[in-house]
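Everything below concerns the one structure shown next.
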Amino acid sequence: MAKRVLVSGGAGYIGSHVSVELIQAGYDVVVADNMSNCDMTCFEGVKKITGRNDIPFEKIDCCDYESVDKLFTDFRIDAVIHFAAFKAVGESVAEPVKYYKNNLMSFLNILDAAKSHGGCNVLFSSSATVYGETDKLPVTEQSERQPATSPYGNTKQICEDILRDTVKATAVYGDEVMPGLDRQGPVKGIALRYFNPIGAHPSALIGELPRGVPNNLVPYITQTAAGKRECLSIFGNDYPTPDGTCLRDYIDIVDLAKAHVAAVSRMLDGKMEEDYEIYNIGTGRPVSVLELVTTFEKVNGLKLNYKFAPRRAGDVTAIWADPSLAEKKLGWKAGRTIDQTLESAWKWECHLKETSR
Ligand code: UFG
């Protein structure tokens with residue numbers, strides 16, 4: 001029988017790409033989403049790409065414990081990948097209570113249900129934001145976390161700590177993860193720290209669907225190229241970097257999704273060396289904002305309207321990953337080139353245009 005993975009927030013940008021890769025790797029998937037920041041476009045796309053019309057979809061809010069508990073009762077869950085969270089850095093500064101309430105409560109409920117149903121494997125979607133501003137680059141998993149610069153970043157740090165503590169506390173229930181039994185059991189955990197996920201599935205059937213004005217660079221670029229936005233502002237060209245713009249580690253969304261499959265397999269195949277493990281998921285290759293813009297223009301044969309603007313509050317100068325631990329332990333490595341990724345981003349934007357989105 002195929003192992004079943006619950007993907008909370010599975011109708012969103014990252015969750016939908018992860019669902020595709022899980023299904024293609026032979027796992028069964030249950031998608032749970034409250035649809036607060038997406039519509040059914042990507043879930044429908046997952047069904048089309050995988051040719052599976054029978055993927056269970058549960059419209060629930062993970063902040064409601066009864067609903068989460070019912071999921072674990074209705075389905076035998078072998079692993080959970082938890083995405084269900086708010087993610088806009090700026091909004092989190094304006095509305096911290098909303099962010100702490102949603103991001104912490106949903107994860108606490110997942111963990112509570114996981115341990116109350118015989119134990120489970122839990123993969124938490126964390127972020128490179130936990131490293132903050134550092135001049136020791138690239139960052140490894142041993143690099144010290146810095147105080148969070150936003151409530152959003154703080155929720156990532158706190159959730160990592162909650163997972164670590166839960167894993168430690170529930171280890172008393174023994175080594176065997178025995179899902180489906182109505183008893184307390186051990187939780188094993190992996191936190192994946194993503195760098196900057198970008199791009200879309202090569203089929204252009206799923207991708208990022210930002211609501212309103214995009215906060216992130218690539219959707220802003222593609223929307224500007226599509227004529228939805230007038231001009232891209234590059235925030236700051238006076239940083240101490242080779243071309244003065246910030247450096248980031250842009251990771252292709254399909255590569256990122258594959259890292260989840262590798263991590264889930266490690267848990268389900270009993271290969272974990274520690275009960276709680278952390279991995280950086282990036283390419284190890286720093287790319288500047290300006291480089292990204294000019295590469296986008298080159299690979300898609302477009303000219304982008306852009307201007308330099310003042311720095312954006314809260315941005316770190318540079319951050320990129322040392323991804324060697326993920327390669328060593330998960331057997332995972334980013335495979336797609338930045339050119340392929342930026343082509344896929346544009347193809348998705350064109351698909352949205354064709355479907356009048
Ligand atoms: N940028 C622009 N113009 C824009 C948007 C972004 O110049 O219109 C620049 C930013 O200043 C930054 C770079 O593009 O230098 C990347 O910005 P993003 O907003 O795309 O990504 P961030 O690196 O700020 O943040 C991302 C995720 C966060 C996560 C963080 C961790 O969005 O969720 O990485 O490093 F916390």
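The values are calculated or read from the model by the stated rules, or taken from the named source; none is laboratory data. None of the values given here were measured: they were computed from a predicted structure. Reconstructed Cβ throughout: ideal geometry from the backbone, glycine too, with neighbour counts over all protein chains shown. The area values use the complete protein model at the heavy-atom level, side chains included, leaving out ligands, DNA and RNA. Shrake-Rupley method; radii C 1.70, N 1.55, O 1.52, S 1.80 Å.
When you count the other C-beta atoms within 10 angstrom of each residue and take the mean per peptide, 299-307, 144-152, 279-287, 100-108 line up highest first as 279-287, 100-108, 144-152, 299-307.
Rounded to the nearest 0.05, what FRET efficiency do ILE162 and LYS48 give with R0 = 35 Å and r taken as the Cβ-Cβ distance? Could you check? With a Förster radius of 35 Å, E is 0.45. Ligands, DNA and RNA are left out, and with a 1.4 angstrom probe the accessible area of the chain is 43 Å² per residue. Using Cβ point charges alone (K and R +1, D and E -1), the dipole size of the stretch 219-357 about the Cα centre works out to roughly 480 debye. Compute the long axis of helix 41-50 from its Cα atoms, compare it with the longest principal axis of the Cα atoms of the chain, and write down the angle in degrees, 0 to 90, nearest 10. Between helix and principal axis, roughly 70 degrees.
Going by the alpha-carbon gyration tensor, a ≥ b ≥ c the square roots of its eigenvalues, is the stretch 6-140 rounded (a/c under 1.5) or, if a/c is not under 1.5, prolate (a/b greater than b/c) versus oblate? Prolate, because a/c is 1.5 or more and a/b exceeds b/c.
Given +1 at the Cβ of Lys and Arg, -1 at the Cβ of Asp and Glu and no other charges, the dipole of the stretch 242-316 around its Cα centre is 540 debye to the nearest 20. For GLY132, nonlocal amide neighbours, meaning residues 5 or more places apart or on other chains whose placed amide H falls under 5 Å from its own, are GLN146. Simple point charges give the picture: +1 on the Cβ of Lys and Arg, -1 on the Cβ of Asp and Glu, and for the chain a dipole about the Cα centre of about 620 debye. If one computes P(r) from the Cα atoms of the stretch 115-220, what percent of pairs lie at distances over 18 Å? Of all Cα-Cα pairs in the stretch 115-220, 63 percent lie more than 18 Å apart. Only helices enter this figure: runs of n ≥ 4 DSSP H residues, each worth -39500 (n - 2.57), summed and divided by the residues of the chain, yield -12000 deg cm²/dmol at 222 nm to the nearest 500. Placing one equal scatterer on every Cα of the chain and applying the Debye formula, the log10 ratio I(q)/I(0) at q = 0.09, 0.10, 0.11 Å⁻¹ is -0.47, -0.58, -0.71.
Helix 289-300 and the longest principal axis of the C-alpha atoms of the chain enclose an angle of approximately 80°. When a 1.4 Å probe is rolled over the protein heavy atoms, the share of accessible surface on the stretch 216-357 that falls to carbon and sulfur comes to 49 percent. The distance linking the stretch 295-325 with the stretch 30-77 is 33 Å (Cα centroid to Cα centroid, whole angstrom).
Each Cα pair under 8 Å and six or more residues apart adds its sequence gap; the mean of these over the residue count of the chain is a relative contact order of 18 percent. The H on the amide N of TRP320, modeled in the peptide plane, is under 5 Å from the matching H of VAL139, each at least 5 residues off or on a different chain. Evaluating 6.51 cos²θ - 1.76 cosθ + 1.60 at θ = phi - 60° for every residue in the stretch 329-345, the Karplus couplings come out as 8, 9, x, 10, 8, 5, x, 8, 7, 4, 4, 4, 5, 6, 5, 5, 5 Hz, glycine and proline recorded as x. Sorted on the mean count of surrounding Cβ atoms within 10 Å across their residues, most packed first, peptides 157-168, 131-142 read 157-168, 131-142. Rg/Rh for the stretch 240-347: what does it come to with C-alpha atoms and Rh from Kirkwood? Using Cα coordinates only, the ratio equals 1.06. Among GLY45, GLY331, GLY185, the largest mean-square fluctuation in a Gaussian network model of the chain, built with springs joining Cα atoms closer than 10 Å, belongs to GLY331.
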